[in-house]
Amino acid sequence: ADQFYAERLFSKSEIFDLLEEVGFISIRDHGNLTSHSTREHDLGMMENRMFLTARAPRKVKTDKKQAPKFTKFTVLMGDPTIPDPVKRNGQFNEEDFTTIDKLTQALEEIGDYEFEYLNTHATLQQTIRDKRPEFVMNLCDEGFNNDAFMELHVPALLEMYHIPYTGAGPACLGLCYNKSMVRAIAASLDIPVPLETYFNPADQSATIPSIFPAIVKPNYGDSSIGITQNAVVHTPEQLINYMEELREVLPGRPVLIQEFLSGAEYSVGIIGNPGLTTTVLPVLEVDYSGLDPELPKILGYESKWHPDSPYWTEIKYHEAKLTEEQRRKILDYANLLFERLECRDYARVDFRMDARGEIKLLEMNPNPGWCWDGKMNYMAGFAGMRYSDMLKLILDAAAERESLAVQNRVLVGA
């Protein structure tokens, strides 16, 4: 009997669009497959196939009657009364207090929640133990006692007292503090990464890599500590000089020498959690066009902590103009890392193109900068949000996650 059927041809981009439209995420193109008939039949259009994978996030069913309603948040921040070695002059400065003022003003605009503030670290453990906050908004990226190495100790303390909190857990923060480990995990996920050489300070001798230009940075750390305009080196002599400088500033810490990525620089902001409500903010691009051409195009220490530096005043940010393929890649990479590193509630992933135009991972940032003039708020602004809208999204994401966790604990207990 004759058989009749209809076919509709789709391009690869159209298939991606269809999958996105019905809710699939982490859509990846693994290339084309060619099939051959063992009976030497003409396979026609079946001979060449596209190999695509995608993930369908689980739909979470919640019992609204049992879901707890969180209304009171304790905002936990760094302690302005004690030294902070990361900040300019080793202390909180005028711009830091301006940041705190703008935060409190924005939180006042959120009508769904009540807020109180906690920043005295000398009595932090006692306060947490005695007051038992309903929910902590953990904005203490300075770390306990303003020690960045002890950033993970803050959520660890909260977990000891079973206090729910916003943002990443201790394991995630500890892992992402180690740049080389994050790079290795990204590479295992087939995410392009820069070439890298790891130097242990205990090594008596080492081979200088031939990757120039290169950027030299400490393996541990955030807030661009140890990354200044001198970190971009073009010769072995410059490399050795900057490594000596790092040994003085950060003694005993391993050093990374990475291929310097000289192309366009992007950031992806994610607010939410896998399988729950998630918002991916518009991709940001760093605009270095106002910077003196003689200066290295990087977001180093000067761009975050020196208000008089051209890195602070001349670098701008705008919404990225990407091809559809570039956008899919960068969002796919960001979502993969968010899940694999077990980020929670919000994170920022930075990428940069190499000289050939390939997008590579720059840095993973759980609990990224929440300040009014930070990248996350810029990206929220591209989406038409106010600062308070972005903060509320983070709080809502944490509350939704914790509500589900409470219900699951109840079900397991039952």
Item to check | Failed item in (1) crowded, with 19+ Cβ neighbours inside 10 Å; (2) modelled with pLDDT of 95 or more; (3) of a type outside the set (A, V, I, L, M, F, W, C); (4) within 21 Å of Asn367 (Cβ to Cβ), with Arg352 passing the rest | outcome: (4)
Checklist outcome for this item: Across region 196-207, the tally of residues that are surrounded by 13 or more Cβ atoms within 10 Å (Cβ to Cβ) and either assigned to a helix (DSSP H, G or I) or of a type in the set (Val, Ile, Thr) (or both) stands at 1
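Report whether or not Asn145 is surrounded by fewer than 21 Cβ atoms within 10 Å (Cβ to Cβ) and closer than 26 Å to Asp130 by Cβ.
Working: surrounded by fewer than 21 Cβ atoms within 10 Å (Cβ to Cβ): yes; closer than 26 Å to Asp130 by Cβ: yes.
For Asn145, the condition - surrounded by fewer than 21 Cβ atoms within 10 Å (Cβ to Cβ) and closer than 26 Å to Asp130 by Cβ - is met.
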Checklist entry - Could you list, in sequence order, the residues of region 72-97 that are free of Cβ contacts under 8 Å to residues at least 60 places away in the same chain and either buried (at least 17 other Cβ atoms within 10 Å of the Cβ) or part of a loop (DSSP other than H, G, I, E, B) (or both)? => result Pro80, Thr81, Gln91, Phe92, Asn93, Asp96
Next on the checklist: Restricting to region 358-378, and then to whatever is touching a strand residue (DSSP E or B) at 6+ places or on another chain (Cβ under 8 Å) and among the charged types (D, E, K, R), can you tell me which residue is nearest to Asn219 (Cα to Cα)?
Outcome noted: Glu363
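Against the definition (of a type in the set (Gly, Ala, Ser), without any contact (Cβ under 8 Å) to a residue 60 or more places away in the chain and surrounded by 15 or more Cβ atoms within 10 Å (Cβ to Cβ)), how does Gly169 come out, yes or no?
So Gly169 does not fit the description; no.
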Next on the checklist: Checking the condition free of Cβ contacts under 8 Å to residues at least 12 places away in the same chain and among the acidic types (Asp, Glu), which residue from Asp112, Asp101 passes?
Outcome noted: Asp101
Checklist entry - Which condition number in (1) outside any helix (DSSP H, G or I); (2) surrounded by fewer than 18 Cβ atoms within 10 Å (Cβ to Cβ); (3) acidic (Asp, Glu); (4) under 23 Å from the mean Cα position of the chain (by Cα) is the one that Glu159 fails? => result (1)
Item to check | Flag for Glu342 being outside any loop (DSSP other than H, G, I, E, B) and closer than 24 Å to Cys176 by Cβ | outcome: no
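Yes/no matrix, rows are residues, columns are (1) of a type in the set (S, T, N, Q); (2) touching a residue at least 12 places away in the same chain (Cβ under 8 Å); (3) crowded, with 22+ Cβ neighbours inside 10 Å; (4) assigned by TED's automatic domain parsing to the domain that holds Val136:
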site	(1), (2), (3), (4)
Trp312	no, no, no, no
Thr323	yes, no, no, no
Ile330	no, yes, no, no
Arg340	no, yes, no, no
Met364	no, yes, yes, no
Asn367	yes, yes, yes, no
Gly374	no, no, no, no
Asn377	yes, yes, yes, no
Item to check | Filter result (over 25 Å from Tyr161 (Cα atoms) and either within 25 Å of the chain's Cα centre (by Cα) or in a helix (DSSP H, G or I) (or both)) within region 98-129 | outcome: Thr98, Thr99, Ile100, Asp101, Lys102, Leu103, Thr104, Gln105, Ala106, Leu107, Glu108, Ile110
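Is it true that Asn377 is within 24 Å of Glu142 (Cα to Cα), modelled with pLDDT of 95 or more and assigned to a helix (DSSP H, G or I)?
Details: within 24 Å of Glu142 (Cα to Cα): yes; modelled with pLDDT of 95 or more: yes; assigned to a helix (DSSP H, G or I): yes.
For Asn377, the condition - within 24 Å of Glu142 (Cα to Cα), modelled with pLDDT of 95 or more and assigned to a helix (DSSP H, G or I) - is met.
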Checklist entry - Only one of Ser210, Ser224, Ser267 is out of contact with any strand residue (DSSP E or B) (no Cβ under 8 Å at 6 or more places or on another chain), crowded, with 19+ Cβ neighbours inside 10 Å and of a type outside the set (Val, Ile, Thr); which? => result Ser224
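The values are calculated or read from the model by the stated rules, or taken from the named source; none is laboratory data. Being a predicted model, the structure only gives us computed values, none of them experimental. Using ideal geometry, Cβ is built from the backbone for each residue, glycine included, and neighbour counts are taken over all protein chains shown.
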